[in-house]
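See below for the structure under consideration.
The values are calculated or read from the model by the stated rules, or taken from the named source; none is laboratory data. Keep in mind it's a predicted model, so treat the numbers as computed, not measured. So basically every Cβ, Gly included, is an ideal-geometry build from the backbone, and we count neighbours across all protein chains shown. For accessibility, only protein heavy atoms count, side chains too; no ligands or nucleic acids. Shrake-Rupley method; radii C 1.70, N 1.55, O 1.52, S 1.80 Å.
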Amino acid sequence: YVEVRRDSNGKIKETIIFILLKDKPSLTVPIPLTHICMAEFGQKYNVKLPLWAQKGMGQLNGTIDQIKERIAEIKPILDNNEPIYFSKGLMEMDEDSYTKLDDGKKRLYDNCSLIMCLMIRKEFGQDSYLKLMKGTTEAPPEIALKNVLKFENYNLFDKSFKRYITDIARDIVAGKTPDNYLQIKEK
């Protein structure tokens, strides 16, 4: 559990991490630490990083097995045609709304954010990912999707996202996705 507490001006006043070290620190520390580092980065450079990017990139900073586990969790949800987070729900979620979600919805949000970040980064490239991340802080997210990725609206993006999330979840469960596809490296 990570909590970044801010004062009335939005400046970080304290950061709290609750970690159960039931495993090696290399398996338990990177994901929550990434969230804190991103909050500090945003404050230092006066940049508001979108929640979907913070959560998704944090999850992508886990081990390959952790990433696979998170993606595999989506498959039964898709198979049962249960609701998941798509672009509007991911990109328009704010921290206050996120904190009000129950733990299961938070995990689902985090998993969908991971997959959306992976899709954008792997399918559209680093430059487009960074432009979209910045664009969603400067304009409404749907406008940023149009300007950066050339999707006219959320619905058109979600057609590609649904296909991607279905394919990647199926392939992860079947063991077909190469590990190096799940690793993000600088260009």
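Couple of notes before you dig in:
- Hits in region 131-143 - residues which are under 16 Å from the mean Cα position of the chain (by Cα) and open to solvent by 70 Å² or more (accessible area, probe 1.4 Å): 131, 134
- Within region 72-91, the set of residues being crowded, with 21+ Cβ neighbours inside 10 Å and farther than 26 Å from residue 134 by Cβ comprises 74 only.
- Pairs linking a residue in region 160-184 that is of a type in the set (Asp, Glu) to a residue that is open to solvent by less than 30 Å² (accessible area, probe 1.4 Å), with Cβ atoms under 8 Å and 6 or more positions apart or on different chains, are 171/177.
- Selection over region 50-66 of residues that are in contact with a Ser or Thr (Cβ under 8 Å, 6 or more places away or on another chain) and either at positive phi or open to solvent by 20 Å² or more (accessible area, probe 1.4 Å) (or both) gives a count of 4.
- Residue match in region 20-43 (condition: acidic (Asp, Glu), touching a residue at least 12 places away in the same chain (Cβ under 8 Å), outside any loop (DSSP other than H, G, I, E, B) and open to solvent by less than 60 Å² (accessible area, probe 1.4 Å)): no
- Every condition in (1) at pLDDT below 95; (2) more than 22 Å from residue 186 (Cβ to Cβ) holds for residue 101 except the one numbered (1).
- Candidates 78, 118: the one that is farther than 15 Å from residue 54 by Cβ and either in contact (Cβ under 8 Å) with a residue 12 or more places away in the chain or not basic (Lys, Arg) (or both) is 78.
- Selection of region 92-130 for residues being in contact with a helix residue (DSSP H, G or I) (Cβ under 8 Å, 6 or more places away or on another chain), open to solvent by less than 70 Å² (accessible area, probe 1.4 Å) and part of a loop (DSSP other than H, G, I, E, B) yields 93, 101.
- Region 44-65: number of residues that are part of a helix (DSSP H, G or I), under 14 Å from the mean Cα position of the chain (by Cα) and not small (Gly, Ala, Ser): 7
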